Amino acid sequence: MAATSNSENGNGNGKYKVIGTRPIRHDGLDKVTGRAVYGIDQNLPGMLYGQTLRSPHPHARIRSIDTTKAEALEGVRAVVTADDFSPAGDDEVISLVEGVFRLTHMRSNILAKDKVLYQGHSVAAVAATNIHIAEEALRLIEVDYEILPYVEDVHEAMREDAPLLHDDLTTEDFGEDTGTKSNIASHTQFKIGDLEKGFGESDVIIEHEFKTASVHQGYIESHNATAEWKTDGQLTVWTSTQGAFGVQKQTAGILGIPVSKVKVVPMEIGGGFGGKIPVYLAPQAALLSKKSGRPVKIIMTRADVFKSTGPTPATYVKVKIGADKTGKFLAAEANFAFAAGAFPGSPVWAGAMCVFSCYSFPNALVDGYDVVLNKPRSAAYRAPGATPVILATETIVDEIAEKLGVDPIEIRLLNAAQEGVRRVDGVVYPVIGCRETLEQAKAHEHYRTPLNGPNQGRGIATGFWVNAGLKSSATAHVNEDGTVNLVEGSTDIGGSRASIAMQFAEVLGLPAEAINPSVGDTSSVGYTELTGGSRVTFATGWAAYEAAQEVKRKMMAKAAMYWEAPEEEVRFEDGIFLHATDADKKLSFKELAGHLKDLGGAVVGSGTVDPDYGSGGSFTTCMADVEVDPDTGKVTILRFTMIQDAGTAIHPSYVEGQMQGGSVQGIGWALNEEYFYSEGRMQNASFLDYRIPTCFDVPMVDTVIVEVPHPGHPFGVRGVGEASIAPPPAAIAIAIYNAVGVRLRELPMRPDRVLAACLEKLAASH
Amino acid sequence: MGKKLYINTTINGEAVEFLCEPRQSLLEIFRDHLGMTGTKEGCNDGNCGACNVIIDGVLMNSCLIFAVEAQDRKIVTIEGLASPQGLHPLQQKFLEHASLQCGICTPGFLVAAKALLDQNPDPTEHEVRHWLAGNLCRCTGYDKIVRAVLDAANVAPNTETSLQSSN
Amino acid sequence: MATVWIPPQMQNLTGGREQVSVEGATVREIIESLEVVHSGIRERLCKGDRLKPTIAVFVDSEVSPLGLRQKVSSESEINFLPAMSGG
């Protein structure tokens, strides 16, 4: 196990030549000069501008939509509603990586059919010669709504007498349909051991309820799509997405056309964090293009991004943990409900997998419910489902440690998940790095440095994310100057071109700069799943590794041809092709590439993978120092350290970047991000009122990269994108308790809540 | 639709003329009419800083400026930071420090940081954080951005580009 | 024989047993064997010739992308879990 702090210089890890170094990313120049072309930057000749009309009501039946006035406005070229969809395949499901969705639900989220289910639900779209005319046209569309009762609280939505959103929704219970109409879309249950026995033997049992508000992924680039649907039936979509093939699958399904008729070109993407997996605009732009005969571009307004796209579910979580006198955990029980929004599909399964995954619990039971209500359909957000449940478990672990007088790191080490431990979902851990992150925390200077003021406190928490594998593809072409063009299928949101190219380069002994990586569209690269699930460096890097192996084999054959020697006499060592017996015969990769024109054609290598995955995951431990203002309740983060097991860090700077970004998103979730609802309507749909952390709100984020290599990956990569968001809210809640003695169990821990808790404590002490 | 107005302005040291409607923002003109998509649109309501430009030496959100207000101004955009001789020190340091992930906020941060260094060549970390608080980044957690700006401040400024905004 | 962990919501089909040992060289054969002993299991897990899209099979603690075609050994542990993903 190795550990690299970002205060160290860490350049190379001794084992590899390229992996572990910090080259300038290949797409960096274009991104610091403004040349990089993002989805919002796409412009085509004759392009029209689209905009979407959205429901002002949380729940209403659409009696009629009259678009005649809008269509008559000068400059308007097309207006579309749900009537423009083909009904083909209405009973089908589409399997995306973040879940499985009914096609009817996906269609009606793009353009509402009979009912609107949330404020912001789209009902019609317009294309015009400029954006201002499109916006004027929206005001001319007349929609006759019959207002229906709505439900916005997850517990109210679960009641039998709650207003039902869907008249065909019944509860699914692991493959079995209960047949009862309900807003509860599904129930997930995991069970291990004997819960009653475990709690019976416990010396201390602590149980609490927790709530978290919906938060938004908050990417800085709004959703966008540009579509051109030509008269030959071929549709091209340019968009900012976490996965071009996912957009292709969704768009084709929603429009009822074959995937071969849809080409998706992934543009540079301005953030995603899970929110750019679902499509919102591509089918609208496509229908508008078909009707107008022109390319159509839609950029969603920022207010609509908040009101209509993927927040996390608001959650209710109840956790109970029992331990013996030494702090050994004996039993755990969790019961939670996630507010999926208007359509089913919140990450209940993930919450259930993550809630107890950091520790060994011999006896445990988890029940989770996916509940629909009148809010936008929720979407994945970095380690979806993990953060709210980790908040609950870690806060209770801290309370048990306090009650027993055990050090908070020691109690975690005593119970830490490790190889051979069976998780509550039944699977058994392989080699993992949970314990190692805790040991690094214990050894860290941060943990030993005393706080130096009143109202200050330190909190520590551990988190987990499962990490995905899934399909990835890459194709490489060797150039005659010894460089290689590498086309891969993962859109690059945080430097993954570099981390993929570096794994390719490592195999061939080439410098990272000799690789020209690019992201292919759906017609130029093999099927590749989304950029998400912490999977890109793991799986697409692996595909690049396989492509490099094929290039290596083919280049060795070319060397044999060049030397007119049998292939088995060629070796490849340290980037040099060698003849087995004739020491004078050696060729660098570059030299051999220069001879390819005389050796019978180009060298192309490709790799596709679909690795097994699922139980290793990535662990994080973080430490937060806070100061609470006793007069206002405002919490200031004084210091923050994030420790994560990366398996192997390919490009340490971008590993640190993931850890720091996840940390600050976790800080925002903990302290000030929240959807405010009143009468079913979001009240803070702007970056002014929905306030993500600014650089003035946070300190530097120290990082420690732990490296416990993944035993299944050629370079030991685990994937680091998500687990860093899981523990910060818990660490901050614990730090607040250690600062001012109050336990907060609802996110965000905004000043009024902290102050109210402090005043309550003060009143109780008198 | 209003009558179009003729505007004459200077962008990155070059005279530029365009026609615009009174309701169009400077950002819209850059992106939809001048083909200058380096300046990004993040919110269109002045809260994210992705569209930052420097107008007569002052940092502005171009989404909040009407295009007609550009008349006779001197504007610096992200496209004007690098010179044919090379990158601005801020751009170089952003690359070296891995200060960008998705990169959509990067042009705004670079322009904002340039405006800071133009008037305060040796800022403290606190001053950098205070100045850049109008620019949102959702990917990086800001650590590597702040380090890059502090590091760039130690490098001799590129006189050619700093002239463009200081006069 | 391979060991199958029965999800708690399906233990009504196995008389409350959480583990069942059955013969089979693939996940498909395992499910066939389970079906012989505990009728109804196949309908819960499969739709047509595939696992239901909401269900994933873990063999020896790793998700198998091959589903019913995944080979298993006599020492294998098999878990059926909700299909998973990330953000």
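The values are calculated or read from the model by the stated rules, or taken from the named source; none is laboratory data. Small disclaimer: the values here were computed from a predicted structure and weren't measured. Cβ coordinates were reconstructed from backbone atoms using ideal geometry, including for glycine residues, and neighbour counts include every protein chain displayed. Only protein heavy atoms, including side chains, enter the accessible area calculation; ligands, DNA and RNA are left aside. Shrake-Rupley method; radii C 1.70, N 1.55, O 1.52, S 1.80 Å.
Here is how the numbers come out for the structure above:
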| quantity | calculated |
| --- | --- |
| Cα-based convex hull, region A:79-162, per residue volume (Å³, whole number) | 159 |
| Aspartates and glutamates with Cα under 17 Å of residue A:15, excluding same-chain neighbours fewer than 8 positions away | A:506, A:573, A:574, A:707 |
| P(r) of region A:710-766 over all Cα-Cα pairs, binned every 10 Å from zero, in whole percent | 20, 35, 18, 13, 10, 4, 0 |
| Size-normalised alpha-carbon gyration radius of the protein assembly as shown, reference 2.2 N^0.38 Å | 0.93 |
| Sequence ranges C:20-28, A:431-439, C:69-77, A:306-314, ranked by mean other-Cβ count within 10 angstrom, highest first | A:306-314, A:431-439, C:20-28, C:69-77 |
| Against the rule of thumb 2.2 N^0.38 Å, how large the Cα Rg of region A:522-641 comes out | 1.84 |
| Rotationally averaged projected area of chain C (alpha carbon convex hull; nm²) | 5.3 |
| Greater than 28 Å apart at Cα, pairs in A:263/A:552; A:471/B:40; A:552/A:585; A:375/C:47; A:597/B:93 | A:263/A:552; A:471/B:40; A:375/C:47; A:597/B:93 |
| Highest to lowest packing among A:538-545, A:192-199, A:181-188, A:242-249, scored as the average C-beta count within 10 Å | A:538-545, A:242-249, A:181-188, A:192-199 |
| Within 10 Å of each Cβ in A:693-704, the average number of Cβ atoms from other chains | 6 |
| 10 Å Cβ neighbours from other chains, averaged over peptide A:653-662 | 5 |
| Distant alpha-carbon pairs in region A:608-766 (separation over 20 angstrom), percent | 57 |
| Computed P(r) (all Cα pairs; region A:171-314; 10 Å bins; percent) | 10, 27, 24, 19, 11, 6, 2, 0 |
| Only Lys, Arg (+1) and Asp, Glu (-1) charged, at Cβ; chain A dipole about Cα centre in debye | 900 |
| Inter-centroid distance (Cα atoms) of region C:46-68 relative to region A:396-424, Å | 33 |
| Rg followed by Dmax, in Å, when region B:22-127 is reduced to its Cα trace | 13.8, 42 |
| Stokes-Einstein D (µm²/s) once Rh is taken as the Kirkwood radius of region B:89-166 over alpha-carbon pairs, at 10 °C in 1.306 mPa s | 129 |
| Mean Cβ neighbour count within 10 Å, used as a protection proxy, ranking A:138-146, C:52-60 highest first | C:52-60, A:138-146 |
| Antiparallel %, DSSP beta bridges [both residues in the protein assembly as shown], to 5 | 80 |
| Computed [θ] at 222 nm, helices only, for chain A once each DSSP H run of length n ≥ 4 contributes -39500 (n - 2.57) | -8000 deg cm²/dmol |
| Loop sites in region A:567-650: chymotrypsin sites (Phe, Trp or Tyr not before Pro), DSSP, at most 14 other Cβ within 10 Å | none |
| Region B:1-62 and region A:251-316: distance between their alpha carbon centers, rounded to Å | 27 |
| Interface size A-B, as summed buried accessible area [1.4 Å probe, Å², nearest 100] | 4500 |
| Cβ neighbours within 10 Å from other chains - mean over C:59-69 | 5 |
| Reduced Cα scattering model of region B:5-77, Debye log10 I(q)/I(0), q = 0.13 Å⁻¹ | -0.30 |
